[in-house]
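Take a look at the structure below.
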Amino acid sequence: MSCKSVGRFFPPLPEKNNWSSRERWTGFIKQTLFIFFLFAFFLAIDFSGITARIEEIYRVRGGLLPLGFYLFTWCGLILSLFILYTNKSRLVRIFSFLISFFSLAVFFGYKFLNGYGYGYHEAIVTVNEYVFVREAISGYIGAAVCGIVVSVLFVLMVGYFCRTKLPETGKRYLLLVIFFIGCMGYIINLHADLVIENFPVVFNAPALICHAAQNRLYAGPRSKPYLVPQEAGVARHIVLIMDESIRGDHLSINGAQRDTTPCLESPGLQLLNLGIACSAGNQSSTSNIIVQSGLTLNQVPDLQNYALKMPSIFQYAKKCGRKTYYINAQGSVLSDYLTKQDLVDIDNYTFIEVENPDSPRWEYDLLAADLTRSILENDQSAFVYILKNGAHFPYEIMYPETGQVFEPAAISLTNRLLSRNNEEEILVNYDNAVRWSVDGFFSRLLPGLEKKSCLITYISDHGQSLGYKRVGMSIPHNTVEDPPVDQANTPMFLLLSEPAAASLGSERILSVLENKNRLSHFQVFPSLLYFMGYEKDEINEAYGPTIFDIVPDRRYFVSGDLFGRSSCRINLFEHKGEAGF
């Protein structure tokens with residue numbers, strides 16, 4: 001847009017001095033009505049959040065004074081919007097409408113998706129996982145488009161009304177804007193434990209992003225390993241596979257109706273199927289960092305950043321003489337709280353997308369399987385952590401046309417844009433993605449490994465609440481408040497080569513099978529240490545039970561921000577066959 005075009009949309013506003021007394025009175029009425037409109041609009045779009053915040057401030061702070069200051073600031077910010085939209089400075093008006101467009105588009109995009117809008121948890125995800133913004137927008141294109149449309153309509157309507165109907169406000173009134181923004185900043189910092197986030201949206205979204213950016217997590221070196229290995233370990237090669245978005249009851253080894261895992265049911269490595277496991281969290285970053293660090297449920301929320309300070313699984317692997325590998329088949333940069341500090345203890349790290357820029361995304365897992373095979377063929381003992389591409393939403397782009405084993409065809413783009421997904425189509429596309437990413441991966445990896453000394457542990461970062469919707473939009477995972485348990489429904493199994501099975505022994509194999517359908521991600525880290533040769537009693541004392549021990553009767557998973565900077569919830573996990581179903 002040229003400067004002239006911008007100027008035509010934001011021409012100089014009429015001078016008050018040229019107005020008659022009647023025109024002044026009429027202008028005052030219009031200004032009052034416009035302020036009332038802004039008040040009603042921003043109250044209506046976040047009414048439930050604002051009223052809940054009012055109740056929370058009054059209840060926790062115990063008085064009318066903090067509540068009164070919050071309401072005073074909220075109303076002052078509405079007045080500030082009026083000043084900005086009608087300010088005599090054209091530059092201020094242009095900037096104000098751009099910020100309004102951005103903030104409203106983000107807020108409504110999330111509101112169409114999660115039902116409540118853009119809060120502190122979403123701001124934290126934006127700051128920490130910004131590399132996935134483009135992928136998120138493409139995955140939830142319907143909500144993004146709706147948010148942009150509403151934002152554009154608001155900006156055009158308000159811009160036109162201010163340009164044609166209202167007198168300007170002087171630049172000196174910008175001091176009021178600065179004052180009320182300062183009040184908002186003071187409240188946010190003072191009430192960080194309440195995560196104050198329900199101010200008028202135009203100010204709220206930028207403020208939360210700034211606050212989240214200022215409250216970044218610990219990124220220094222980790223502590224040295226606490227334990228000392230006592231034995232050589234169960235197998236020369238220990239592999240942990242962290243899949244993406246695989247729901248446990250959609251694997252045919254766990255009774256799924258569609259045959260999604262025929263490879264795992266064929267002769268080869270010994271399969272110890274541990275059934276339905278509870279993931280540590282219902283989002284990828286939570287599960288990955290807990291599995292990598294050994295954080296226990298008692299340490300959640302992790303206000304001290306222990307998950308980023310305690311020794312990692314890579315450090316323990318190196319301490320017992322293993323070469324460490326990290327294979328990322330999801331993206332091209334570090335993610336899930338993995339930092340450059342962690343790379344010090346990773347001998348070889350590979351980003352499949354970087355190494356194979358011309359390959360389609362659905363091929364990344366197969367390439368990861370090929371790379372893993374080459375590692376397992378070496379004599380050097382190794383620990384391999386594989387972050388798979390898996391079956392992330394939208395499912396229809398996670399497998400090729402040749403991988404469409406189950407009918408009907410993929411969901412149309414129109415259906416996705418209008419959020420009118422047919423549930424059966426979602427399930428079919430998901431099972432196609434699962435069959436391709438899980439069975440296809442193991443079909444490529446397992447042949448010929450029977451005689452190798454290797455033990456493979458397989459889990460997934462979280463499940464999927466297939467067909468679950470809020471405000472008409474499908475929400476497959478990462479629901480903060482009252483998440484469906486399906487979002488933590490994940491598979492867990494071990495694959496043992498003949499030497500590894502002999503080393504583990506029939507007694508221990510039987511003991512682990514007694515825990516089928518009773519395990520969670522919180523047993524993965526201590527179990528990996530046990531496989532590597534660390535002493536079990538010391539492991540239990542430092543990190544809790546392994547998969548061979550008596551585990552808690554009830555399982556829990558985390559939703560929200562693991563580090564307690566925003567809402568962090570610990571949710572009871574139950575699946576079919578347990579109490580409550």
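The values are calculated or read from the model by the stated rules, or taken from the named source; none is laboratory data. Fair warning: this is a prediction, and the values are worked out from it, not measured in the lab. Using ideal geometry, Cβ is built from the backbone for each residue, glycine included, and neighbour counts are taken over all protein chains shown. Remember, those area values only see protein heavy atoms, side chains included, never the ligands or the DNA or RNA. Shrake-Rupley method; radii C 1.70, N 1.55, O 1.52, S 1.80 Å.
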Alpha carbons only, please: Rg and Dmax for segment 184-325, in angstrom. 21.2, 64
What does the charge add up to near Asp370, with Lys and Arg as +1, Asp and Glu as -1, over the other residues with Cβ less than 12 Å from its Cβ? -2
First compute the accessible area of the chain with a 1.4 Å probe, then give the percent of it belonging to carbon and sulfur atoms. 58 percent
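Using the structure shown, select from Lys111/Lys388; Lys318/Lys388; Lys111/Lys340; Lys388/Lys516 the pairs with a Cα to Cα distance greater than 26 angstrom.
Going by Cα-Cα distance, Lys111/Lys388; Lys111/Lys340 fall outside the 26 Å limit.
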Residue-normalised value, i.e. accessible area per residue, for the chain at 1.4 Å probe, in Å², stands at 43 Å²
Using +1 at the C-beta of Lys and Arg and -1 at the C-beta of Asp and Glu, which of Leu366, Thr350, Tyr337 has the Cα lying farthest in the positive direction of the dipole of segment 272-397? Tyr337
Put Arg216, Arg508, Arg172 in order of accessible area, largest first, probe 1.4 Å, and you get Arg172, Arg216, Arg508
For the chain, with the dipole built from +1 on Lys and Arg beta-carbon atoms and -1 on Asp and Glu ones, taken about the Cα centre, which of Tyr218, Asn432, Ser312 lies farthest toward the positive end? Tyr218
Quick one: what Rg and Dmax do you get for segment 80-123 from the alpha carbons, in Å? 13.0, 38
Rounded to the nearest 5, the percent of DSSP beta bridges in the chain running antiparallel is 45 percent
Cα-based radius of gyration of segment 480-522 once divided by 2.2 N^0.38 Å, which approximates compact folds: 1.61
Result row for the chain, helices from DSSP H with C-alpha axial extent 20 Å or more and mean Kyte hydropathy at least 0.0, is 21-45, 64-85, 90-114, 141-165, 174-190
Using +1 on the beta carbon of Lys and Arg, -1 on that of Asp and Glu, and nothing else charged, what's the dipole of the chain about the Cα centre, debye to 20? 3140 debye
Accessible-area ranking of Thr490, Thr51, largest first, probe 1.4 Å: Thr51, Thr490
Cα-based equivalent ellipsoid, segment 439-539: semi-axes from gyration tensor eigenvalues, Å: 33, 18, 11
Add -39500 (n - 2.57) for each DSSP H run of 4 or more in the chain, then divide by its residues: what number comes out at 222 nm, to the nearest 500 deg cm²/dmol? -14000 deg cm²/dmol
Peptides 385-396, 363-374: what's the order by average Cβ count within 10 Å, highest mean first? 385-396, 363-374
Where does each of 451-462, 308-319 land if you order them by average Cβ count within 10 Å, highest first? 451-462, 308-319
Mind jotting down the distance between the C-alpha centroids of segment 548-566 and segment 93-111, whole Å? 36 Å
Determine, for each peptide in 530-541, 277-288, the mean count of other beta carbons within 10 angstrom over its residues, then list the peptides with the highest first. 277-288, 530-541
In vacuo Debye sum over C-alpha of segment 425-466, base-10 log of normalised intensity I(q)/I(0) at q = 0.15, 0.29, 0.33 Å⁻¹, listed in q order, is -0.52, -1.10, -1.18
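Net charge around Thr490, counting only other residues with Cβ within less than 12 Å of its Cβ (Lys, Arg = +1; Asp, Glu = -1)?
-3
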Rounded to a whole number, the Stokes-Einstein D of the chain in µm²/s (Kirkwood radius over Cα pairs; 37 °C; 0.692 mPa s) is 125 µm²/s
For segment 484-581, what relative contact order do you get, as a whole percent, if you take Cα pairs closer than 8 Å and at least 6 residues apart? 26 percent
Compactness of segment 260-373 as Cα Rg over 2.2 N^0.38 Å, two decimals: 1.23
Using Cα centres only, tell me the gap between segment 488-524 and segment 253-276 in whole Å. 14 Å
